Structures are given as structure tokens and as C-alpha cells.
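As C-alpha cells, the structure follows; a few thoughts come after it.
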Amino acid sequence: MPFVANFTVAQGLDCSQVVITDTSNYTAEAKNTFTYRRLYLYKADGTTIKYPANSPTDYIDFSFAGYPTDQITITGIDQDYGLRIEMDLNSSAPQPGSIYSKSTVVALTCYTNTALYNVAQIAATSPARLDDPVFYSSWSALQTEKDAAVTAATYGDQLSADAALKRAKNIINQSAIKF
Amino acid sequence: MLSNQLISDYIQWGDISVYLSDNQYQKERYYKWVDETRKTRVIYMVNEVLKWGQPYLVGNPDYDEVAIYLYSLIGQWLLQAANIAQTGTGLVIGTPVIPTSTPGAAGQITIQVGAAGSPIPANTNQYTNTILANRVLIVILDNVVIQPEPLPNFDYSFNTVTGTITFSYNLSAGQILTIIYI
């Protein structure tokens, strides 16, 4: 059975972190047949998120020796992004039919979700706020942007996902006025 | 403190209430010119927040408050939503259950009383057909819809178990009996 590179992306409550787990099946090709494993977190503008922050390279060294559990927690995520995440493996003995690179678009929505949670709390404690049209329309717009980002990422549209998250950020930044 | 299971129930009821409330508010808007459709949007948004927070925030008092807020928002549809969620026979999930009392399609029987081979001999007042069991009937005699008891004059009684119709008077030869069963 050929080797196929695969990974998952997750965020918890700490929005500054994203967890990437390599879920490739290494029974097909053993880990010691690979010379490196690298991650690229491409932003919409083509630049990459560096980890550690002072890393001189565009890629994140997701080495087998450094991360034997195949999981890496990347810190320093300062806002929501539409990211294209790519994992590249280099095999010392490439096999026909095997796939050593995987790329996927994800929408990191933790900051937006946190803001939506805060707004829901305001509504829960003060339901009368819904009578304020600015409050309601801003809440609804924020939800729309989050849904749009997730949908765009599902379709692999990184630019649209990122644009929606930037609009969400603008709404959040004006929260003192809107909420 | 709300349990994880209860939060799951709220979320499910919230999902169902989104379409139940939307159905109601859209009708209101169209027929009464009263627009409350944004309440559906609020239910959706609060429910989405609950979904996002469930893996991390169950047991948190602030999260409970949001969950209780959702519960209050969907109160109008709660019983219906809970019923749909429980039975799986709602409009969205599962398939409707056809009651066992109506095992087949609607139909019509036409009989000429006293004709050769007719199941209703002349000067009798009863007709039985098991296909009528547990059905709702419209009985037409000589082009007149007749009512079951207790209406006066000519009427009939209907045994839903056996499918037997018993008329209050004997039927005469040549009369045409039509039964529409649903």
C-alpha cells in the first residue's frame, strides 16, 4: 500500500496556539526512510508563519526526532487567518504511487469564536440589548463572516476565508462601539 | 451546573428550533406583516456558540448562562423539538411514521344492493369489508352523503375493528352504496 501524507489541524480555547497532528500511515513506509518533515503555514499574502518566531526559515521543522508523537503545537498565532498549510516529507527511497506532500486550507476562527461567545454572554445577561439594532446587526455580521470563512476554507478558497476573517477582526476591533 | 448531555440536548433542540421558528416567523411576516425573523437568527447564533464551547466550557457558569439563554429562546418550540429529536420522525431527520391504523392507500367501493353476486342482499342493513377496518369513511347512498350515529333518521354505525357498517334501516334493491375510505 502506498504511503499518503496526511495531517489534521485543531485549535482549542487558547487562540494563540494551533495543533497539527501528522496522521500519515507509517506502516507503509517507516519513519526512518524520511530525511525530513517540514510544515509551511502560508498566509493569504504568501508569507509564512514562522515558528519559532525567530526562525530563519520559511518552514517549520517538524522533525521525527523532535516530535516523536507526530504532534506539534505552534504558538504565537496573533489573529485568525485563512491559512494554507502544507506538510512535506522527503523520502530517501521514494516508492511509486506514494504521496509525500499534503496541502490544505484551514480557517483559524478561535478569536472570532471567542468574540461571538462574549457577545452571546452579553445577550444572555442583558437580553434587552437585542433591541439595539447596532448590537444585533454587528453580532449577525460577525457570525456571517465566521460562517463565510469556514465555508470558503471547505472549498479551498484561502483568500476568501482570510478576507472574511479580516472583516470579522474589524468588527471585533470596534466592539467598544458595537457591543 | 449543566451536564454535557443536557448541553447536547439543548444544541439538538436548538438546531430543530431554528427551522421550526423560521417556519412560523416567515408565515407571520407574510400573512400578518409582523417581522420577527431575526429571533431565528439569534437562536442560530447562540446555538453556534454553544457548539463551539461544548468541548471546553461545559461546567463553566458563564457557559451555563448562555445555554440557559438558548433554552429560553427556544421555549416556544421546545416540546415539539424534543419530540422530533426523540422520535426521529421530524421534518428534517428520519422519515415520517405512517400509523398502523392506515395500512394502505385511500380507495372507493361501489356496490349495487341486491344485484347478482352483490355482497349486500336486498332487505339487509349490513356490509362488512376488512379493508375498511380502522379507516375514516365517507358513505354515500344514492348520491347522498349519510352520517353515522347519533344523527337522526337514516344513518349508520361503523365498527372500526371489524370494518362493519350497520345501517339503521334495511337497504333496498337497486340502491347504490359508495364508500370512500381514507
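Considering every Cα-Cα pair within the protein assembly as shown, what fraction, in whole percent, is farther apart than 26 Å?
Of the Cα pairs, 68 percent sit more than 26 Å apart.
What is the dipole size for region A:1-130, taken about its Cα centre, with +1 at each Lys and Arg Cβ and -1 at each Asp and Glu Cβ, in debye to the nearest 20? Present the calculation step by step, with values, prior to reporting the outcome.
Numbers: 8 positive and 11 negative charges, 29 e Å.
My answer is approximately 140 debye.
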Just to confirm the number: angle between the C-alpha axis of helix A:110-125 and the first principal axis of chain A, 0 to 90 degrees, nearest 10? 30 degrees
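Among A:Ser126, A:Ser160, which comes first, then next, by fewest other beta-carbon atoms within 10 Å? The partial results should precede the final answer.
Details: A:Ser126 11, A:Ser160 19.
By the 10 Å Cβ count, ascending: A:Ser126, A:Ser160.
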Across bins of 5 angstrom width beginning at 0, how are the C-alpha pair distances of region A:1-130 distributed, in whole percent? 2, 10, 18, 20, 15, 11, 8, 5, 4, 3, 2, 1, 0, 0
For the protein assembly as shown, the dipole about the Cα centre with charges only on Cβ (Lys and Arg +1, Asp and Glu -1), to the nearest 20 debye, works out at 320 debye
So which lysines pass the test for A:Lys50, namely a Cα distance under 24 Å, with those fewer than 8 places away in the same chain ruled out? A:Lys102, A:Lys166, A:Lys169
Along the Cα→Cβ direction, 7 angstrom out, place labels at B:Asn60 and B:Asn134. What is the inter-label distance in nm? 5.2 nm
Using the Cα gyration tensor of region A:110-178, with a ≥ b ≥ c the square roots of its eigenvalues, what is the shape: rounded (a/c below 1.5), prolate (a/b larger than b/c) or oblate (neither)? prolate
Taking chain A as the reference, fit the longest principal axis to its C-alpha atoms, fit the long axis of helix A:158-173 to the helix C-alpha atoms, and give the angle between the two in degrees, 0 to 90, nearest 10. 40 degrees
Go ahead and set up a Gaussian network model of chain A, Cα springs under 10 Å, then flag whichever of A:Asn25, A:Asn113, A:Asn54 fluctuates most. A:Asn54
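Could you line up A:Leu89, B:Leu132, A:Leu13 from fewest to most neighbouring Cβ atoms inside 10 Å? Let's see the in-between values first.
Working: A:Leu89 24, B:Leu132 21, A:Leu13 14.
In order of increasing Cβ crowding within 10 Å: A:Leu13, B:Leu132, A:Leu89.
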Report the one residue of A:Gln95, A:Pro52, A:Phe135 whose Cα lies farthest in the direction of the positive end of the charge dipole of the protein assembly as shown (charges on C-beta: Lys and Arg +1, Asp and Glu -1; origin at the Cα centre). A:Gln95
On Cα atoms only, tilt of A:133-154 relative to the major axis of chain A in degrees: 20 degrees
Give the lysines reachable from B:Lys27 as a straight Cα distance under 16 Å; neighbours fewer than 8 places away on the same chain don't count. B:Lys39
If you put +1 on each Lys and Arg Cβ and -1 on each Asp and Glu Cβ, how big is the dipole of region A:110-178 around its Cα centre, in Debye rounded to 20? 160 debye
Whole-Å semi-axes of region B:107-181's equivalent ellipsoid, largest first, each the root of 5 times a Cα gyration tensor eigenvalue? 17, 15, 11
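Bear in mind that the values in this text are calculations on the coordinates, not laboratory data. None of these values were measured; they are calculated from a predicted model. For neighbour counting, all protein chains shown are included, and Cβ atoms are generated from backbone atoms with ideal geometry for every residue, glycine included.
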